[in-house]
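To start, the structure under review is shown below, and the notes come after it.
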Amino acid sequence: MADSLTVYSPAKINLGLKVFPKRSDGFHSISSIFTTVDLCDELEVSLVKEKNVCNVKCKGMELPPDNTFTAAYKAFCVLTGIQDGVSVNVTKHIPSGGGLGGGSSNASSFIQSIDSLFNTHLKASQLHELAGKVGSDVFFFTSALWHRMQKGYPSSRFAALVEGRGEIINPICARDDFAVVLVFPGVSVSTKAAYALVDEAFENGTLSDEIDDVSLEHMYKSGVADWKFKNSFTIPVISRYPEIAHALNDIREAGADFADMTGSGSTVFGIFAERKDALKASERLLDKWKTVLA
């Protein structure tokens with residue numbers, strides 16, 4: 001039995017993100033297309049001799065004692081009865097507070113790593129149960145890893161229509177015929193703060209809960225230049241963080257066929273039908289912003 005694994009956890013972007021008013025359970029329902037992109041964190045997960053411990057080290061970042069890794073470990077131990085300890089060394093490339101799902105992706109990769117190390121052979125339903133104990137975006141990344149391992153996917157990306165609070169995952173045929181440029185405005189937006197801004201927008205009538213006429217999946221399959229995806233977070237969040245608005249304007253001026261903010265912010269992305277155009281835009285934007293071609 002192996003006593004350590006090195007795995008990579010991918011970031012995601014949202015193509016369209018409809019947020020609905022807060023439910024009675026405190027959550028918000030959403031409707032969005034999630035797709036993974038080629039930006040990953042690296043996790044080195046190892047077994048340790050101590051019992052009931054999850055030691056986490058993150059290069060360049062100080063994590064609180066209670067974090068997504070410790071939450072995932074505790075939920076895993078409760079489900080499986082495992083008491084042996086683990087350690088995690090994290091090399092971050094996905095910025096925190098960027099709307100790219102880095103923490104959720106880390107948690108999902110970590111859970112499936114310790115499942116492998118402990119030979120617990122969890123079923124898809126059990127992995128889904130653990131995802132619900134950690135965070136809403138963990139559902140998507142868990143599904144992405146499960147489908148990649150169990151079924152295989154021809155595309156380097158995994159895409160799904162995500163609904164409910166994030167637990168309803170319907171995989172769709174992922175497109176890899178476009179390039180993605182990520183732009184990091186240099187500010188961090190907490191998910192809690194972003195949802196508070198959305199709630200405020202619902203209350204003052206600047207945000208509607210009406211259902212769009214065109215389905216997200218239908219739009220996803222159309223030409224990139226015809227995309228009209230909307231993110232419910234974008235307008236409320238950029239009203240408080242002007243740096244995001246500047247980044248969004250710059251990537252549009254750099255020639256993106258479609259551009260928006262991902263998740264609850266702050267990362268902005270541009271979609272380019274041609275990779276050569278994405279490369280030119282990324283080089284142009286580097287004079288002002290940190291960018292990644294993903």
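The values are calculated or read from the model by the stated rules, or taken from the named source; none is laboratory data. No experiment lies behind these values; they were computed from the predicted model shown. Cβ coordinates were reconstructed from backbone atoms using ideal geometry, including for glycine residues, and neighbour counts include every protein chain displayed.
Taking region 196-207 as the search range and keeping residues that are of a type outside the set (Phe, Trp, Tyr) and surrounded by 11 or more Cβ atoms within 10 Å (Cβ to Cβ), which one is nearest to SER239 (Cα to Cα)? Ranking the qualifying residues of region 196-207, first place goes to LEU197. For region 22-47, the candidate set comprises residues that are in a strand (DSSP E or B) and of a type in the set (D, E, K, R); within that set, the residue that is nearest to LYS12 (Cα to Cα) is ASP38.
Let's see how each residue does on (1) surrounded by 18 or more Cβ atoms within 10 Å (Cβ to Cβ); (2) aliphatic (A, V, I, L, M); (3) touching a residue at least 12 places away in the same chain (Cβ under 8 Å):
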{"position": "LEU47", "(1), (2), (3)": "no, yes, yes"}
{"position": "PRO65", "(1), (2), (3)": "no, no, no"}
{"position": "PHE69", "(1), (2), (3)": "yes, no, yes"}
{"position": "ALA75", "(1), (2), (3)": "yes, yes, yes"}
{"position": "VAL86", "(1), (2), (3)": "yes, yes, yes"}
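Within region 78-88, work out how many residues are among the hydrophobic types (A, V, I, L, M, F, W, C), within 11 Å of PHE118 (Cα to Cα) and touching a strand residue (DSSP E or B) at 6+ places or on another chain (Cβ under 9 Å).
In the first step, residues of region 78-88 are kept if they are among the hydrophobic types (A, V, I, L, M, F, W, C); the result is 78-79, 82, 86, 88.
Pick out the ones that are also within 11 Å of PHE118 (Cα to Cα) and you get 82, 86.
With touching a strand residue (DSSP E or B) at 6+ places or on another chain (Cβ under 9 Å) added as a condition, the list becomes 86.
Final tally of qualifying residues: 1.
Note on region 230-294: enclosed helices (runs of 4 or more DSSP H) holding 2 or more residues that are farther than 21 Å from ILE30 by Cβ and touching a residue at least 60 places away in the same chain (Cβ under 8 Å) are 242-253, 275-285. Note on region 240-290: residues that are in contact with a Phe, Trp or Tyr (Cβ under 7 Å, 6 or more places away or on another chain), among the small types (Gly, Ala, Ser) and on the phi < 0 side of the Ramachandran plot amount to 8. In the set PHE229, PHE140, only one residue is modelled with pLDDT of 95 or more, in contact with a Phe, Trp or Tyr (Cβ under 8 Å, 6 or more places away or on another chain) and assigned by TED's automatic domain parsing to the domain that holds CYS40; that residue is PHE140. Applying the condition of being among the polar types (S, T, N, Q) and in contact with a Gly (Cβ under 9 Å, 6 or more places away or on another chain) to region 1-35 and asking which residue is farthest from ALA201 (Cα to Cα) yields SER9.
Determine, yes or no, whether ASP209 is touching a residue at least 60 places away in the same chain (Cβ under 8 Å) and either of a type in the set (Gly, Ala, Ser) or more than 30 Å from SER125 (Cα to Cα) (or both). Step through it out loud before you land on a result.
Numbers: touching a residue at least 60 places away in the same chain (Cβ under 8 Å): yes; either of a type in the set (Gly, Ala, Ser) or more than 30 Å from SER125 (Cα to Cα) (or both): yes.
Considered against the rule, which asks whether it is touching a residue at least 60 places away in the same chain (Cβ under 8 Å) and either of a type in the set (Gly, Ala, Ser) or more than 30 Å from SER125 (Cα to Cα) (or both), ASP209 comes out as yes.
Among the residues of region 6-18, is there at least one that is without any contact (Cβ under 8 Å) to a residue 60 or more places away in the chain, surrounded by 17 or more Cβ atoms within 10 Å (Cβ to Cβ) and in a strand (DSSP E or B)? No, region 6-18 has no match at all.
Does at least one position in region 254-269 carry a residue that is of a type outside the set (Asp, Glu) and farther than 21 Å from THR36 by Cβ?
Within region 254-269, one or more residues are of a type outside the set (Asp, Glu) and farther than 21 Å from THR36 by Cβ.
Pick from region 115-127 the residues that are within 21 Å of the chain's Cα centre (by Cα) and among the aliphatic types (A, V, I, L, M): which of them is surrounded by the fewest Cβ atoms within 10 Å (Cβ to Cβ)? Selected residue: ALA124. Checking SER116, SER96 one by one, the residue that is modelled with pLDDT under 95 and among the polar types (S, T, N, Q) is SER96 and no other. Entry remark, region 80-125: residues being closer than 16 Å to GLY265 by Cα and either outside the structural domain of SER143 (by TED's automatic domain parsing) or of a type in the set (A, V, I, L, M) (or both) number 2 in total.
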